[in-house]
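The values are calculated or read from the model by the stated rules, or taken from the named source; none is laboratory data. The structure presented is a predicted model; accordingly, all values stated were derived computationally and were not measured. Neighbour counts are summed over all protein chains in view; Cβ atoms, including those assigned to glycine, are modelled from backbone coordinates with ideal geometry. Keep in mind that these areas ignore ligands, DNA and RNA; they rest on the heavy atoms of the full protein, side chains included. Shrake-Rupley method; radii C 1.70, N 1.55, O 1.52, S 1.80 Å.
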Amino acid sequence: MNLLQKRAWIDLVKTTVATMIAGAGVGLAVNFNAKGIVPIMAFVIGASIAGLVSCLRSIRGQAGLDERERKIAVKAFIISTHIFVLFLCFGSFTIFFLSGARSYIPGYTLPVLLLTGIFISQIAQSAVILIQFAREQADEQ
Amino acid sequence: MSSNRIRNQIRRLRFDNGQMTQQQLADKAGVTRQTIIAIEAGKYAPSLTLAFRISRTFGLKVEDVFQYEMDQPSSE
């Protein structure tokens, strides 16, 4: 198993755990009906730190890959981004049409939609990488 | 519509250069063994930089290691 394959598995596990933690956070916020400037600031600070760490890790992570692995990683990222956008589109409009154009939906719907989209896109990204290498190994044999 | 292909002599050159393994060539070129496998099989076209590095490993010019051929356009 090469570096990119290992990272694909590790990223899948990390995203699953992170999604579960974020989901638990949303659950707590719903339970305590969190609202106001304090939860917003807490979320902005937490999400900014997580986003910065993720961005730096992605940039540093490219350094250990050779040119072909980098192309595969970029291809996987492009596909996962498209899947994320498609999921948000379909999810949003499904809720829109199911609940009715003039109805109200619970506030937690949006964070749940976002977290689910992130989780699905990470699965797609890891799957593209792992399937690509599995096909190559099958061709070798 | 015409299609372009890049052929290479890497496998033959490896054997001609002291039975060099794919891993040894990969280490010298700074890539993974899987990349060398993909290049030999014609499934991956290396960048110009990598093509030069591989050619220099064998002490040859790029065009001696990689050949570019264009298929004849199909009749319309």
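Considering only residues that are open to solvent by 50 Å² or more (accessible area, probe 1.4 Å) and either aromatic (Phe, Trp, Tyr) or closer than 15 Å to A:PRO106 by Cα (or both), which ones fall in segment A:26-37? Selection gives A:LEU28, A:VAL30, A:ASN31, A:PHE32, A:ASN33, A:ALA34, A:LYS35.
Applying the condition of being in contact (Cβ under 8 Å) with a residue 24 or more places away in the chain and among the aromatic types (Phe, Trp, Tyr) to segment A:90-120 and asking which residue is farthest from B:THR49 (Cα to Cα) yields A:TYR108. With respect to A:ARG102, determine if the residue is outside any helix (DSSP H, G or I), farther than 30 Å from B:GLY42 by Cα, open to solvent by 40 Å² or more (accessible area, probe 1.4 Å) and more than 14 Å from every other protein chain (Cβ to nearest Cβ). Yes; evaluated as a whole, the condition is true for this residue.
In segment A:38-72, of all residues being within 14 Å of chain B (Cβ to nearest Cβ) and part of a helix (DSSP H, G or I), the one that is surrounded by the fewest Cβ atoms within 10 Å (Cβ to Cβ) corresponds to A:ALA63. Scanning segment B:40-71 for residues that are among the hydrophobic types (A, V, I, L, M, F, W, C) and farther than 24 Å from A:ILE72 by Cα, we see that the one that is farthest from the other protein chains (Cβ to nearest Cβ) is B:MET70. Counting only residues that are assigned to a helix (DSSP H, G or I) and away from chain A (no Cβ under 11 Å), which one in segment B:20-39 is surrounded by the most Cβ atoms within 10 Å (Cβ to Cβ)? Among those residues, the one meeting the criterion is B:LEU25.
Regarding segment B:54-74, can at least one residue be identified that is assigned to a strand (DSSP E or B) and at pLDDT 90 or above? Yes, some residue in segment B:54-74 is assigned to a strand (DSSP E or B) and at pLDDT 90 or above.
In the set (1) in a helix (DSSP H, G or I); (2) free of Cβ contacts under 8 Å to residues at least 12 places away in the same chain, the condition left unmet by A:PHE87 is number (2).
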